[in-house]
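Here's the structure, in structure tokens; my notes come after.
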């Protein structure tokens, strides 16, 4: 009996040790401590992990000589981290999010539904009806059998035989950051359409060597081949957007808090986004609305916020008819007189103020070349 008792104790100790080890290995990837208590969620991916996965995938793309867009969602479907490399177009960006949402809803790779459509093309409409995007590139982020988020990668042409695709990029990045991952689902050969036509498809490319040009430095805006790809050299660059967000994030941390940050280009397309740990849906969504309002009005949202405090009668028109979000924290990004995007910050930035957080980021990226709101001197 003693042997059984000792063996039982030993098994219990080993089981507890294994459980503790699993918890420890999971804890580094998720929001924990008092922050997790505040949002009642101990199993959602933290910003540091999301950023590492996205950065790793981007570095892999650079080695392949391609550009990608990356979306990482938490286990509730909120944006945690998003970045588009220069030269990415609208479809590259939005489909990355669609892939991530599909993987999150399925708890499985988005390619599983793509394979179903390849085998049965008539099923695609049903997949779309239930909110899925049947395409490769989305993977659930699972650690120790716990779903903590999802990733979607878009924007590059697959070369599976050579070891490259959006999905492979996501898988390799997750392996490097999180450890070994399940093998990828088999790639099925595409099915040729039975009624494929022969209509000539035109080209629409700039002449070789012709690229759009901007008066701004290339580190500020999309340039070179990337600008030629989108026919525009006056969109904020991905690296400038990252610098703004990272500075704002660090500034909020110095104030003892976090922030939600959206940076968009002049077309309203997302360039970079971050959700600080502990931020909830309202913080995240209002940051996006502030960026969009600043872009649409070509003014900081603090201007309308002050105007509406002075004269609340304008609220119905501003909020309902125009769809503006008039809380402080949104600023158009104007450099040397040229608007190249907009930023929105939500969540309070540790009490330092959303607009102040955005301003710190803009100053770090563009110095005295960026246009900032100026307040009248306070009267005594």
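Laboratory data are not the source of any read-out in this text; all were calculated from the coordinates shown. Keep in mind the model is a prediction, meaning the values are calculated, not measured. Cβ: placed from backbone, ideal geometry, glycine included. Neighbour counts: every protein chain shown.
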| query | At a Förster radius of 45 Å, what calculated FRET efficiency corresponds to the Cβ-Cβ distance of residue 160 and residue 76, to the nearest 0.05? | reply | 0.90
| message | Based on alpha-carbon centroids, what's the gap between the range 246-275 and the range 32-85 in Å, whole number please? | response | 13 Å
| request: Consider all pairwise Cα distances in the range 29-176 and report the whole-number % of them above 19 Å. | output: 49 percent
| field | Rg(Cα)/(2.2 N^0.38 Å) for the chain, N = residue count | value | 1.12
| In what order do 267, 285, 83, 40 fall by count of nearby beta-carbon atoms within 10 Å, going from fewest to most? | 40, 267, 285, 83
| task | Return an integer: the convex hull volume of the alpha-carbon atoms of the range 238-369, in Å³ per residue. | result | 101 Å³
| task | List 91, 362 from most exposed to least, where exposure is judged by having the fewest other Cβ atoms within 10 Å. | result | 91, 362
| field | Neighbour-count ranking [beta-carbon atoms within 10 angstrom, fewest first] of 225, 378, 290, 172 | value | 378, 225, 172, 290
| note | With a Förster distance of 35 angstrom and the Cβ-Cβ distance between residue 91 and residue 144, calculated FRET efficiency to the nearest 0.05 equals 0.50
| residue 336 paired with residue 210, simple spin-label distance in nm, labels 7 Å along Cα-to-beta-carbon | 2.4 nm
| said: Restricting to Cα pairs below 8 Å that are 6+ residues apart, what does the relative contact order work out to for the range 47-178? Please round to a whole percent. | reply: 29 percent
| Hey, what did the chain get for relative contact order, percent, Cα under 8 Å, at least 6 apart? | 14 percent
| request: Treat each spin label as a single point 7 Å out from the Cα along the C-beta direction, and report the residue 185 to residue 128 distance in nm. | output: 1.9 nm
